1. Which one of these does Ala41 not meet: (1) at pLDDT 85 or above; (2) surrounded by 10 or more Cβ atoms within 10 Å (Cβ to Cβ)?
2. Out of Ser142, Ser155, Ser122, report the one residue that is surrounded by fewer than 19 Cβ atoms within 10 Å (Cβ to Cβ), out of contact with any Lys or Arg (no Cβ under 6 Å at 6 or more places or on another chain) and at pLDDT below 90.
3. Check Tyr162 against each of (1) closer than 22 Å to Asn84 by Cβ; (2) of a type in the set (Ser, Thr, Tyr); (3) modelled with pLDDT under 80 and name the one condition it does not meet.
4. Scan Asn171, Asn130 and give me the residue that is at pLDDT below 85 and over 23 Å from the mean Cα position of the chain (by Cα).
5. Write out, first by first residue and then by second, each pair whose Cβ atoms fall under 8 Å of each other, whose residues are 6+ apart or on separate chains, and whose first residue, in region 84-113, is under 13 Å from Glu191 (Cβ atoms) while the second is modelled with pLDDT under 80 and among the hydroxyl-bearing types (Ser, Thr, Tyr).
6. So, of the residues in region 94-112 that are in contact with a Pro (Cβ under 7 Å, 6 or more places away or on another chain) and assigned to a strand (DSSP E or B), which turns out to be modelled with the highest pLDDT?
7. Can you say whether Phe62 is at pLDDT 95 or above and among the hydrophobic types (A, V, I, L, M, F, W, C), as far as the supplied structure shows?
8. Could you pull out every one of the strands (runs of 3 or more DSSP E) wholly within region 1-83 that has 1 or more residues that are among the aliphatic types (A, V, I, L, M)?
Amino acid sequence: MTAILKVDTIQDTAGNNIINESSNTITIGASGDTISIPSGATITNSGTANNFGGGKVLQVVFGSTSTETRNNSNTLADTTLTANITPSATNSKVLVIVMQNGCDKTNANAGNQMIIKLLRGSTQISTLTNNGGYSNSSIPLSFGTVGGCLLDEPSSTSQLTYKTQFSCGNNTAGVGVQGTGGENSHITLMEIGA
């Protein structure tokens, strides 16, 4: 047999409300009270949690590449630096931290430029460098690291792909690894709760 206890308010022995229900809102405790969750207990939220404060890191995704990508045109090309993240809520933000290593040009033509961009899917969201230029055609151009940090607002709960693209004018350049045996390129994605 199932027993049902129907009350609007539960009080302690001093007459203080412990649990109160009014207009479909349940209040546990009162101002100044401490609500303690025992060790080993789990609180599961299947709805919306409000007023817990924003700015919390909900998940972190890290991507790295040791593969060099080379390009010899003005057309932006994908690098192998990429990472995927699926936000848990549409009002979450994604903090993107990227370090693109190892950009170099040889036999340079004066005035050419190296362009490196950060994308979410096919959408360009930031330019890491738009003027990796040089003026002496006899000196190779080299970048140790090109990086950036961006707080993106994708408004999505679908999987998102963040990546870099680059172009280099009319000479061959490579990105991905900083020199022979050098540092890999890295990208870190953090979901920040609203």
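The values are calculated or read from the model by the stated rules, or taken from the named source; none is laboratory data. Quick caveat, the model's predicted, so the values are computed rather than measured. Counting neighbours? That spans all protein chains shown, and the Cβs are built from the backbone with ideal geometry, glycine included.
1. Checking Ala41 against (1) at pLDDT 85 or above; (2) surrounded by 10 or more Cβ atoms within 10 Å (Cβ to Cβ), the one that fails is (2).
2. Ser142
3. (3)
4. Asn171
5. none
6. Val94
7. Here the answer is yes, as Phe62 does meet what is asked.
8. Once the strands (runs of 3 or more DSSP E) in region 1-83 are filtered for at least 1 residues that are among the aliphatic types (A, V, I, L, M), what remains is 9-11, 17-22, 25-28, 57-65.
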